[in-house]
Every structure is written in C-alpha cells, then in structure tokens.
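See structure below.
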Amino acid sequence: MKKTKYALVTGASRGIGKAIAIQLANDGFNLFLHYNQNIEKANVVKKKVESIGRQAEVIQGDFNSNEGIEKFIIEIKNLLIQSEIISLHTVVHNAGHATSNGFGEVGYNEFDQLFNANVKAPYFITQSLINHMESNGRIINLSSGVTRIAFPHMMVYSMTKGAINTMTFTLAKELGEKGITINSVMPGIIDTDSTANWLHTDEGQENAKNMSALKREGQPEEIANVVSFLASEKASFITGHNMDVTGGSHL
C-alpha cells in the first residue's frame, strides 16, 4: 500500500499558495494549510482539497512578529503529534509580503515586517520542523525573479528574496546528508488577486508583455506545476537550485 504523504503550505488561502495546495492534493498529498487573516478563503481551499479526496487542516499564523511565528510553530507541531503523523514530506514556504515602496520610502516597521514574513518565518519554521520531516523530504521556497533584476521600487522585497535564495543553496548543503532537498522557485509576473489591481489594466498588460519572452503574465497553476515537480520523486537529485519561472523576464 502506497504511503500517504503530508505537506505544509504557508499562505495557502489564495493566489499561488492556493494553486500549490490544490495541485499537491491532486498529487496525493494530505495538507496543512496556513493562512493569516481570511479563514473563509482558507476553508474554501480546505473544501476543495477534501473534494479531491485528501485531508486538510487549516492553521492560522501571523508571521509579522516573533510571537506569531512561534505560536504557529507550536500549533503545527501539536497537530503533527495529535494526528499521529510521524513526519512531513514537503514544506512549501509561500507566505510573504511585498511592497512597492522605494529605497527612501520604507520605514523601520515595514522593513521588519517584510523580513519577518519573508525570511524569519521560513528560517525558523524550517529549523523547528526539520526533525519532523521524512529522510527524503522536500523544502520548497517561493522566491522571486526580482532577485536577478534591479527594481529600485521593490528593493527591500528583493533583498528578502535574495536572502531566501542564499538560504536555499546553503541549507541544501546542510541537509544533504539527511536526503532532504531544498530548492526555490522564482516567479515572474503572475495573475493573482494581489496583482490584479495593476495587472488588469492596459498599462499593466503592456508591461507584462514587454517583460516576458513569452509576451504574457503567468498563471498560479504554472508555478504550482513547478512546485509539484520539485516535490516529486522525479526531482530527487535536484537540490540547492533557484529555479527561474518568470517566462523569460528581462532576457
């Protein structure tokens, strides 16, 4: 009998995280679904996962503070123990914040929030859950194509994702002996509810067309497909890799 695999997806209530959760459910995973504010949307994803025939647990977590990160870690650990689940196979760090404030506009609070959610949470969640993971497990970080493109109006956000890329290849070396792979996925412009305000305009469409070699924006499912591959046995010898999924932006 094939063993059921379990995955944690942070930021799973909408956008790319939602698409990833649904794709992993289709791949046969049971899910732990993290959300921050909107439990209604998280429950929609939970019902979708269950309609596929998989199990799902919804977990709230505010990654803007040390206390929120620690509270989430305690809760996910308790769920793993209470559910008598020995280990996680896949952890997908998707939750995060973005900003369009430039170099001279980001204040202390916004700077801290961006690094808390985008860097500190993935780091400490990974640190805390590593002993709860299978020996052939997968850690998949959502980074961004902005790490190789100079966007001054997104400088601090780009810095956080640069840190994630560094964590990815460095931690891959650290965890290699355990058989755990760690990779990052770097999306480009993706059509989600968080980008809709500017992307669904004539100017936004033109910008997306001009940036991409494919002359279009990406879809959340296209990012989910890459995560699905990295979580699969087909990607068993790929680790420490920052995978560009920008549709050829700024080539």
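Values quoted throughout were computed directly from the atomic coordinates according to the rules given, and no laboratory measurement underlies them. Only a predicted model underlies this, so the values are computations on that prediction, with no experimental measurement involved. No Cβ is skipped: glycine too gets one built from the backbone with ideal geometry, and neighbour counts run over all protein chains shown.
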Task: Electrostatic dipole magnitude of the chain [Cβ: Lys, Arg +1; Asp, Glu -1; Cα centre; debye, to 20] - done: 700
TODO: Mind jotting down the three principal axis lengths of region 5-245 based on Cα atoms? Whole angstrom, largest first.
DONE: 51, 37, 37
TODO: Report, by chain and number, residues whose modeled amide H sits under 5 Å from the one on Glu57, excluding near sequence neighbours (fewer than 5 apart, same chain).
DONE: Leu31, Phe32, Leu33
Open item on the list: Among the listed pairs Lys46/Lys234; Lys3/Lys71; Lys5/Lys48; Lys120/Lys161, which have their C-alpha atoms separated by more than 22 angstrom in this model?
Closed with: Lys46/Lys234; Lys3/Lys71
Open item on the list: Just want the answer: with Cβ charges of +1 for Lys and Arg and -1 for Asp and Glu, which residue in Gln127, Val226, Phe115 is farthest toward the dipole's positive end in region 5-245?
Closed with: Val226
Open item on the list: For a quick check: with amide H placed at 1.01 Å from N, whose amide H comes under 5 Å from Phe63's, ignoring anything fewer than 5 positions away on the same chain?
Closed with: none
Task: GNM top mover of Glu105, Glu221, Glu206 - the chain, alpha-carbon springs below 10 Å - done: Glu105
- [ ] May I ask you to list the lysines whose Cα is less than 18 Å away from that of Lys41, ignoring any residue fewer than eight positions away on the same chain?
- [x] Lys18
Task: the chain, relative contact order in percent, only Cα pairs under 8 angstrom and at least six apart counted - done: 19
